[in-house]
Each structure stands twice: as C-alpha cells, then as structure tokens.
Amino acid sequence: MHISAKTEYACRATMVLAIHHDSGKPIRVGTIAEREGIPARFLVQILLQLKGAGLVTSTRGAFGGYQLARHPRDITLWQVVRIFARDTDRQTTNTELETSISRALLTVWNDVADAERQRLESITFARLVEQASAESCNMYYI
C-alpha cells in the first residue's frame, strides 16, 4: 500500500478535527497546519475535498474554521483514504498478454486490496484518537 503525502495529510487533519470534536468549535486552518506541519495552502485544498465528500463542514468568519460533519466514531480511515488514494479500486493487469499466471496474480492483488480496504473500514477516527491519547499518556520524560 502506498500512501501519498496528500492522503497522510488528510488523515492527520481529520485526526486533529476528531480530537477537537467534543469542543464543538471549528478549528482554523492555520492551527491544523502549524500543529501538523502541513503547508496551509495545501491543507485548504485537502479540507475542501473532505468537505466535498461530506466529512467536514466549514464556518466562515473570525471564529470560523473546520469541524467534522459527523462524530469520529462514524468516520473510518477508509472514507478518508479513498478520497485521495488513486489505487483504491480493483487492480488491473499491467501486461498486454493475459495468461493463467497473470490471472492468478491478479486474483491475489485484488484479494490483498480487498483485505486492505476491509481493515481500513474497520478503523474509526474515534479509535485512532483513543490510540493517540493512550500513546501520549504513556510518554514520560527524564
């Protein structure tokens, strides 16, 4: 599985929104960009794509920003990844000559893609927030 920078940035931005979901307040683009080291202009494009997919909402004005459109438990990693990943559909053969070997390999590639999709569908942003929170709580400094 290849995850592009854009896909990772989208997941990280969604995580920030998920972490702040319970506050009920929109998060500014600059806050997300600074926190996660994402170029702000690039982040705006990503957030607009997430908005177009119905995963985030935006509020204009001085106190505006972005929020998740649904609770983090209702948004899966797959829902974000499929917006940005180019190779999330079924695999196709790369050869002009289809043989029994190429068909067997294609079956395997598609099985792997299906398993990958199913795994990503099983992971919610609420779960990822819990995991990130647990990891930050387990950190200690000397």
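Please treat every number below as a calculation from the coordinates, not as lab data. Note that the structure is predicted; figures quoted are calculated from it, not measured. Every residue, glycine as well, gets a Cβ built from its backbone with ideal geometry; the counts of neighbours run over all protein chains shown.
Of the residues TYR66, TYR9, the one with the fewest other Cβ atoms within 10 Å heads the list, and the complete ranking is TYR9, TYR66. Of the trypsin sites (Lys or Arg not before Pro) found in region 31-83, those that fall in a DSSP loop while having at most 15 other beta-carbon atoms within 10 Å are ARG60, ARG70. Among HIS21, HIS2, HIS71, sorting on how many other beta-carbon atoms sit within 10 Å of each Cβ, with the fewest leading, yields HIS2, HIS71, HIS21. The stretch between ARG70 and ASP22 holds 16.2 nm of extra length on full extension. This uses 0.36 nm per residue minus the Cα-Cα distance. Dipole orientation for the chain: of the candidates ALA18, LEU97, MET1, ALA18 has the Cα lying most toward the positive pole (charges on Cβ; Lys, Arg +1; Asp, Glu -1). The gain in end-to-end length when the ILE123 to GLU98 segment is fully stretched comes to 5.4 nm, 0.36 nm per residue minus the alpha carbon separation.
The dipole here belongs to the chain: it is taken about the Cα centre, uses +1 on the Cβ of Lys and Arg and -1 on the Cβ of Asp and Glu, and is about 620 debye. Among PHE84, PHE125, PHE63, the ranking by other beta carbons within 10 Å of each residue's beta carbon, starting with the fewest, stands as PHE63, PHE84, PHE125.
Two tests apply to each whole DSSP H helix in the chain, Cα reach of 20 Å or more along its axis and mean Kyte-Doolittle hydropathy of at least -1.0, and the ones passing both are 5-19, 100-121. In terms of its C-alpha gyration tensor, the chain has a prolate overall shape, because the principal axis ratio a/c (a ≥ b ≥ c, square roots of the eigenvalues) is not below 1.5 and a/b outweighs b/c. Think of each Lys and Arg Cβ as +1 and each Asp and Glu Cβ as -1; about the Cα centre, that makes the dipole of region 1-77 roughly 180 debye.
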